[in-house]
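Student: Input: one structure, supplied below.
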Amino acid sequence: MKRIIFVIVLVLVAGSWGGNLWYYHKSQLPEPFFFNHYIEVENSPGFSFDLLYLENKSAKTKLNWIEIPELPNVQIWPNPAVNTYTHQTQGAMRVEIMDFDLVQPEFPENGPLVIHRVVAHFDDNSSKEMEIGEIQVHPADPKPGEAPLQGSSWGSSSEKAGYTRFKFTKDARLTGITSAYLPQLSDRLNVILDAASIRNLEQKEINFSSQGIYSGVPLEKVPFPLSFKSGEWATVTYQLDLPDSAGPVAKTDVYRFLLYMELETDQGVSSKERIFVDFAPYLTNREVADFVKDRRSGL
Amino acid sequence: MKTLFYRIGYGMVFVIFNIRVVVDLLPNVIGYLMILSALSELRKKEHSFTLGMWASLALSVISIPSFFQAHELHLNQPVLSLNFLLVLNLAETLLQWVLIYSICDGSFKLASIRGKGDLASSIRFRWRFYFGCSALYMIAYPFVLNTQEVAVVLFSSVATFIAMFMIMLVIRRAGRELSVPFERSV
């Protein structure tokens, strides 16, 4: 056989091995990373949320479980492979708030308990503090008032949008819609309210192809308080819309927080109705690769 | 003559098949030593076998660790860094190319001299088939690290196995067909 063919094959083999090993090493995360979370929960049994993270598929030490020192009353359910990518796996740590008879968290005097870090435990018995974004935990309401409305239908989609439709069961006033993250996420969170009494105001549309088009008045333009008669309807629609300038890390943000409809009946009884804003990213291989590139350049 | 070619064939059986129960029941090192002993005799008839003799000597040394611990390239657990076992594996494959080239080249020349055209062309075809499949495997394998596509690697790996088996058969045929003129000429 001609020697030149052998030499060409050797060069191709060397190039393939060298190139692939180089690309492989370039595609590794320097360490596991939790995504940036916007989480808001109440300290009541049954509330749960997922903390999502990305780690190298071939990591020598893998994330085993986490501990949230501020929340002694939670159970952690690790799920190490929610999604698998070429070089990484996306795992989830499900955090579930357990019974009231456990040691309870200590809340600050005013406002919710705010948590930014968790203690991550690895399978080589090492541990370290890791950033997770933000978790806001509200104390459980000891006497939750019965809201004068009933949720009748709801939906959410992979387009980071969702709606909830309510029917009022008593005459009541809607005094506001609040959330811990409304100010922080004003650049990407659109909330609109649809009710018969405000249809004359300027409307905005939220279009999610799978569920249709929803219109309503942007929250900042709603003239609260609004009065509702028993039997009337209201629809709250939200959409998380990332600005074009958002980098690869922002595309991995995880949202699970609450919009509170603050209500008051004619008898002066006030209550809150919760709406869950829930969105976890389903990343493509390309988005994961961009995230890895960003994390590598940032360290 | 026939015995020497058959010895290469049996040696190749040890190399091709790996039956592992804690240790390799058909150790590659025994196969390479059998080929080494055959080639050291055959090189007296045809100089082309000398290269293979040195390759089989090197292979018998570097295949010792594989007797105790498997270090084949795996699809489900691809190599993750340039470690000692990976280097050994790459070296073994490259030396196998040299060894099988030398065996085929020597046999091809002996067959041509004896006027066994059919045998010679069969040897040449099988060498080319083996080299093509094995080269494809070696080029495709590292892509396992960066893609989830393994079809080419699986295909070339099976084809390489078949090609080695085909070479083993043609070497036995060479032993049968080349023994007669040699015995007459002695």
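None of the figures in this text is laboratory data; all of them are computed from the coordinates on show. All values reported here derive from a predicted model rather than from experimental measurement. Neighbour counts run over all protein chains shown; Cβ positions are idealised from the backbone, glycine included.
Student: Rounded to whole Å and sorted largest first, list the principal axis extents of the Cα atoms in the stretch B:92-186.
Tutor: Computed over the stretch B:92-186, the largest-to-smallest principal extents equal 58, 20, 15 Å.
Student: Then there is this: Given the -39500 (n - 2.57) contribution per DSSP H run of 4+ residues, what per-residue ellipticity at 222 nm results for chain A, rounded to the nearest 500 deg cm²/dmol? Numbers along the way, then the final one.
Tutor: Details: 2 runs with 37 residues, N = 299.
Using -39500 (n - 2.57) per qualifying helix, the result is -4000 deg cm²/dmol.
Student: May I pose another question? Note the angle between two axes, namely the Cα long axis of helix A:285-297 and the longest principal axis of the Cα atoms of chain A, as a number of degrees from 0 to 90, rounded to the nearest 10.
Tutor: So the inclination is approximately 80 degrees.
Student: Report, as an integer, the average count of C-beta atoms from other chains found within 10 Å of each Cβ along A:13-24.
Tutor: Values: counts 12, 3, 2, 6, 9, 2, 3, 10, 8, 1, 4, 8.
Counting Cβ atoms of other protein chains within 10 Å of each residue's Cβ and averaging gives 6.
Student: Related question: In nm, to one decimal, how far is the B:Leu86 label point from the B:Val180 one, both placed 7 Å along Cα→Cβ?
Tutor: Distance between the two pseudo-spin positions: 5.2 nm.
Student: Along each of its three principal axes, how wide is the spread of alpha-carbon positions in the stretch A:149-279, in whole angstrom units, largest first?
Tutor: The Cα atoms of the stretch A:149-279 stretch 50, 27, 24 Å along the principal axes, largest first.
Student: A further question follows. Pairing the Cα long axis of helix B:49-62 with the longest principal axis of chain B, what angle in degrees results, from 0 to 90 and rounded to the nearest 10?
Tutor: 30
Student: Another question about this same structure. Within 10 Å of each residue's Cβ, count the other Cβ atoms and sort A:Met130, B:Met34 from fewest upward.
Tutor: A:Met130, B:Met34
Student: Tell me, what is the percent relative contact order of the stretch A:149-279, built from C-alpha pairs under 8 Å that lie six or more residues apart? Mind dumping the intermediate values first?
Tutor: Working: 263 pairs, mean separation 43.8, N = 131.
Reported as a whole number, the value is 33 percent.
Student: Let me ask something additional. Helix-only mean residue ellipticity at 222 nm, chain B, DSSP H runs n ≥ 4 weighted -39,500 (n - 2.57), per residue, nearest 500. What is it? Intermediate values should be presented prior to the final figure.
Tutor: On the way: 7 runs with 138 residues, N = 186.
After summing the helix terms and dividing by residue count, I get -25500 deg cm²/dmol.
Student: Between B:Glu149 and B:Lys45, how many nm apart are label points set 7 Å from Cα along the C-beta direction?
Tutor: 4.6
Student: May I ask for the Kirkwood hydrodynamic radius of the protein assembly as shown, worked out over all distinct Cα pairs and given in angstroms to one decimal? If you can, show how the numbers build up before the last one.
Tutor: Values: mean 1/r = 0.0353 Å⁻¹.
Radius from the Kirkwood sum: 28.3 Å.
Student: While we're on this one: Please express the shape of the stretch A:131-226 as an equivalent ellipsoid: the semi-axes are the square roots of 5 times the eigenvalues of the C-alpha gyration tensor, given largest first in whole angstrom.
Tutor: Working: eigenvalues 98, 89, 45 Å².
Equivalent-ellipsoid dimensions as semi-axes: 22, 21, 15 Å.
Student: Given all pairs of different Cα atoms, what value in angstroms does the Kirkwood hydrodynamic radius of the stretch B:2-181 take? Don't skip to the answer; put the middle values down first.
Tutor: Numbers: mean 1/r = 0.0597 Å⁻¹.
This gives a value of 16.8 Å.
Student: Find the relative contact order for the stretch B:2-181 and round it to a whole percent, using C-alpha pairs within less than 8 Å whose residues are 6+ positions apart. Can you show the working numbers first?
Tutor: Numbers: 224 pairs, mean separation 46.1, N = 180.
So the answer I get is 26 percent.
Student: I would also like to ask the following. For labels at B:Leu25 and A:Asp266 in the simple 7 Å Cα→Cβ model, what's the distance in nm?
Tutor: 9.0
Student: Continuing with the same structure: Cα-Cα over 24 Å: which of A:Lys60/A:Lys251; B:Lys2/B:Lys45; A:Lys26/A:Lys160? Could you put the intermediate results ahead of the total?
Tutor: Working: A:Lys60/A:Lys251 27 Å; B:Lys2/B:Lys45 13 Å; A:Lys26/A:Lys160 31 Å.
Correct reply: A:Lys60/A:Lys251; A:Lys26/A:Lys160.
Student: Could you tell me how many degrees, from 0 to 90 and to the nearest 10, lie between the Cα long axis of helix B:28-42 and the main elongation axis, the longest principal axis, of the Cα atoms of chain B?
Tutor: Between the helix axis and the principal axis of chain B, the angle is about 30 degrees.
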